[in-house]
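The values are calculated or read from the model by the stated rules, or taken from the named source; none is laboratory data. Since this is a predicted model, take the numbers as computed values, not measurements. Here Cβ is always computed from backbone atoms with ideal geometry, including for glycine, and neighbour counts include all displayed protein chains.
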Ligand SMILES: [Zn+2]
């Protein structure tokens with residue numbers, strides 16, 4: 001496959017009703033990194049993100065907040081922009097669906113579908129709450145089938161809607177997905193999409209009659225465009241469909257890559273391409289679907305309260321490392337089980353040790369032993385360690401063509417490990433001691449070359465720190481793509497190589513509470529607070545008898561302080577009832593009561609058991625019943 005020279009990378013536009021969280025930060029950093037990689041390798045690349053701002057939910061939130069819908073959108077959209085700015089995300093355009101230009105293009109596009117005869121009038125029927133003034137899906141209803149807000153029974157309502165003739169495009173679309181014309185990645189998601197074609201995919205409604213906050217249809221002003229359809233059109237409204245000056249270059253002549261999480265696959269892989277086919281517009285080239293980030297094995301979501309905000313990450317690790325960590329904990333495309341502890345481990349191994357420490361000890365050595373001057377290499381022989389670096393550049397580029405972001409990073413980290421091994425084996429500190437300055441210069445030149453390549457390759461993540469390293473090596477600000485353009489040639493290092501003023505990636509120890517939690521998880525340990533939940537007391541057996549019809553059970557009457565309790569225990573095979581009288585045993589006294597063979601049991605006695613032998617736990621010296629055990 002020949003390399004196209006231009007890319008157009010998108011994220012979904014995010015619904016302004018919620019705050020940015022690590023899930024959409026993940027998608028947006030991925031798009032930003034991909035965009036930067038394209039540029040690093042010399043391609044043209046354009047990056048679009050934005051916010052989705054219409055629909056009844058936005059209107060409701062605005063009313064609650066005492067704002068107009070537009071005011072709410074302005075405020076919340078800015079929150080996304082601020083958040084992305086903090087994460088050093090550099091988009092080419094931030095689109096908002098309330099941009100008048102976008103709204104106009106939505107109308108234009110829908111008019112085209114209408115003119116071509118792919119939109120027809122029909123009836124949409126659903127459950128409608130008059131209090132909420134909106135349709136409610138079955139999922140939203142309470143157990144009794146009521147509106148969750150008003151606790152009233154929604155009405156079955158029919159409204160006039162316009163439908164898109166999806167059925168007409170299913171066959172040709174399926175072919176395009178199967179042939180790879182429309183590439184859906186990874187393969188597991190492609191199969192999932194192909195599976196959808198086996199279900200009943202109905203024509204879908206692309207308008208709403210009762211919703212007011214939206215883009216009205218050009219051929220029926222009483223209806224607004226369904227918010228999802230309005231949102232999808234952003235991908236072509238940004239480059240100004242159909243005849244804006246950049247539409248041809250950005251959409252038709254670029255490799256169009258849509259990135260997203262798996263929950264919106266149907267809209268992007270079926271509805272959107274079908275609409276484009278209907279309008280005779282080129283389809284996107286790649287739809288790349290990533291999994292969810294699971295924090296401690298649960299999906300990150302607001303309702304579970306385990307949201308990590310981008311700000312939290314930045315506070316812990318800084319911007320560069322956060323960008324690196326969020327994308328490289330798990331393979332791009334799969335669900336990732338993340339524990340915050342794992343972030344620390346990866347930070348220390350990849351960034352603090354493998355990269356940061358190598359840079360620091362190399363540059364210090366150049367400064368101390370060579371007065372900051374690296375000798376120009378003599379002879380044409382390219383050392384193996386630099387050839388490995390060139391190969392790494394090629395591998396990283398290949399991985400990125402397949403949007404294998406983490407695999408690409410793993411190649412860079414593997415190369416850094418090689419550089420560290422090379423450094424350790426060549427023992428430049430010994431060479432310095434022995435005064436072997438020729439050999440020392442060669443070794444440090446080779447390592448510095450490797451560091452320059454690695455820094456360029458890591459620059460899409462570590463935008464700030466790699467710029468610092470390159471500036472130290474070259475004596476001036478140097479764009480990372482320039483380093484890669486020099487492949488195969490000697491690098492013109494500065495004649496006074498500097499040491500970074502600050503430790504690039506200081507080792508971090510995990511905050512205490514996380515450490516304790518991690519240790520406990522590792523050994524299946526519980527905290528004292530867990531143990532304290534169990535109430536143990538000394539009890540004296542006052543009466544004991546067999547339970548009729550149950551070979552294993554004894555019914556015991558126990559005195560616990562002033563209280564008398566009944567417990568049923570499975571010890572009949574080991575103890576004669578009379579032998580228990582007067583014994584002082586240990587009982588869990590705050591268990592929920594249960595019934596065994598219809599007899600109530602209020603607690604559990606403790607016993608040790610092994611190899612069909614059982615013995616009751618008792619106390620070592622005389623102590624009154626009711627004594628607490630801790
Ligand atoms: Zn309601």
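Tabulated values for the structure
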| read-out | value |
| --- | --- |
| Qualifying residue in segment 427-440 (condition: under 15 Å from residue 386 (Cβ atoms) and in a helix (DSSP H, G or I)) | no |
| One residue from 559, 521, 498, 563 being at pLDDT below 90 and either under 28 Å from residue 317 (Cα atoms) or touching a strand residue (DSSP E or B) at 6+ places or on another chain (Cβ under 8 Å) (or both) | 521 |
| Matching residues, segment 459-491, being outside any helix (DSSP H, G or I), touching a helix residue (DSSP H, G or I) at 6+ places or on another chain (Cβ under 7 Å), closer than 16 Å to residue 448 by Cα and without any contact (Cβ under 8 Å) to a residue 40 or more places away in the chain | 478 |
| Check on residue 94, within 34 Å of the chain's Cα centre (by Cα) and part of a strand (DSSP E or B) | yes |
| Residues that are assigned to a helix (DSSP H, G or I) and on the phi > 0 side of the Ramachandran plot, drawn from segment 104-132 | none |
| Unmet requirement for residue 320, which otherwise passes all of (1) over 30 Å from residue 248 (Cβ atoms); (2) at pLDDT 90 or above; (3) assigned to a loop (DSSP other than H, G, I, E, B) | (3) |
| Given (1) at positive phi; (2) free of Cβ contacts under 8 Å to residues at least 24 places away in the same chain, number of the condition residue 399 does not satisfy | (1) |
| Qualifying position, being under 30 Å from residue 160 (Cα atoms), surrounded by fewer than 17 Cβ atoms within 10 Å (Cβ to Cβ) and within 16 Å of the ligand (Cβ to nearest atom), among 123, 63 | 63 |
| Residue tally, condition buried (at least 18 other Cβ atoms within 10 Å of the Cβ) and without any contact (Cβ under 8 Å) to a residue 24 or more places away in the chain, over segment 412-451 | 3 |
| Residues satisfying the stated conditions in segment 345-356, i.e. over 13 Å from residue 420 (Cβ atoms), surrounded by fewer than 22 Cβ atoms within 10 Å (Cβ to Cβ) and touching a residue at least 12 places away in the same chain (Cβ under 8 Å) | 346, 348 |
| Residue in segment 106-117 that is surrounded by 15 or more Cβ atoms within 10 Å (Cβ to Cβ), in the same structural domain as residue 276 (by TED's automatic domain parsing) and within 16 Å of the ligand (Cβ to nearest atom) present | no |
| Residue check, residue 197 assigned by TED's automatic domain parsing to the domain that holds residue 283, within 30 Å of residue 290 (Cβ to Cβ) and away from the ligand (no atom under 16 Å from the Cβ) | yes |
| Selection count, segment 346-372, where residues are more than 30 Å from the chain's Cα centre (by Cα) and assigned to a helix (DSSP H, G or I) | 11 |
| Residue within segment 616-623 that is assigned to a strand (DSSP E or B) and touching a residue at least 24 places away in the same chain (Cβ under 8 Å) present | yes |
| Within segment 373-422, tally of residues that are assigned to a helix (DSSP H, G or I) and at pLDDT below 90 | 1 |
| All positions within segment 214-233 that are at pLDDT 95 or above, part of a loop (DSSP other than H, G, I, E, B) and within 20 Å of residue 14 (Cα to Cα) | 214, 215, 233 |
| Of the criteria (1) free of Cβ contacts under 8 Å to residues at least 40 places away in the same chain; (2) at negative phi, which one residue 189 fails | (1) |
| Segment 131-157: number of residues that are in contact (Cβ under 8 Å) with a residue 24 or more places away in the chain and within 9 Å of the ligand (Cβ to nearest atom) | 4 |
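So that you can scan it fast, the table gives a plain yes or no per residue for (1) farther than 23 Å from residue 279 by Cα; (2) assigned to a helix (DSSP H, G or I):
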site: 63; (1), (2): yes, yes
site: 67; (1), (2): yes, no
site: 70; (1), (2): yes, yes
site: 76; (1), (2): yes, yes
site: 84; (1), (2): yes, yes
site: 88; (1), (2): yes, no
site: 102; (1), (2): no, yes
